[in-house]
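Worksheet for the structure shown next.
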Amino acid sequence: MAISKIHPVFEDERGEIIDILQNELIEHVTLISFKNGSIRGDHYHKLSTQYAFVIEGRFKILTRKPGRTTDIDIVSAGDLVHTPPLERHAYVALEDGRILVLTKGPRGGKDYEKDTFSLKEDESLVRKNLP
């Protein structure tokens with residue numbers, strides 16, 4: 001996982017222009033809302049790369065690459081989270097919020113579940129790392 005703080009490329013009295021991604025082929029764009037305390041993810045994708053842009057809210061994100069230990073970070077509005085294939089990931093909402101997920105790979109529409117592999121209870125990032 002890589003977290004980047006995204007800043008406006010242009011700003012004036014009318015508002016801001018923010019480039020979330022540059023030079024990336026994106027196949028699916030998904031808006032996900034969270035209620036405070038809710039958990040999403042706790043899975044991985046064999047083929048898909050995901051970028052999650054935090055629109056609003058704060059989230060605890062747990063990630064683990066194969067053969068590594070779990071990383072836990074806090075992300076908030078303006079952060080971009082890059083999750084490559086095979087990296088386990090879970091989001092825990094610390095307040096109500098929304099993320100925009102940009103995906104490269106088979107991860108949208110009728111193919112939503114084709115590249116989503118839920119973690120078994122004994123592998124769960126959330127169960128193993130949060131009280």
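Evaluate the following for GLY109: is it exposed (fewer than 14 other Cβ atoms within 10 Å of the Cβ), more than 18 Å from ILE3 (Cα to Cα) and either in contact (Cβ under 8 Å) with a residue 40 or more places away in the chain or in contact with a Gly (Cβ under 9 Å, 6 or more places away or on another chain) (or both)? Considered against the rule, which asks whether it is exposed (fewer than 14 other Cβ atoms within 10 Å of the Cβ), more than 18 Å from ILE3 (Cα to Cα) and either in contact (Cβ under 8 Å) with a residue 40 or more places away in the chain or in contact with a Gly (Cβ under 9 Å, 6 or more places away or on another chain) (or both), GLY109 comes out as yes. Do we have LEU86 as open to solvent by 60 Å² or more (accessible area, probe 1.4 Å), in contact with a strand residue (DSSP E or B) (Cβ under 9 Å, 6 or more places away or on another chain) and among the hydrophobic types (A, V, I, L, M, F, W, C) here? Criteria met by LEU86. GLY57 meets the conditions (1) within 15 Å of the chain's Cα centre (by Cα); (2) of a type outside the set (Phe, Trp, Tyr); (3) farther than 20 Å from ASP96 by Cβ in every case but one. The failed one is (3).
Residues in segment 48-70 that are assigned to a strand (DSSP E or B), crowded, with 16+ Cβ neighbours inside 10 Å and of a type outside the set (Val, Ile, Thr): GLN50, TYR51, ALA52, PHE53, ARG58, PHE59, LYS60, LEU62, ARG64.
The values are calculated or read from the model by the stated rules, or taken from the named source; none is laboratory data. Nothing here was measured: the structure is a model prediction, and the numbers come from that model. When we count neighbours, we look across all protein chains shown, and the Cβ atoms used for this are built from the backbone with ideal geometry, even at glycine. Surface accessibility is based on the protein's heavy atoms, side chains included, excluding ligands, DNA and RNA. Shrake-Rupley method; radii C 1.70, N 1.55, O 1.52, S 1.80 Å.
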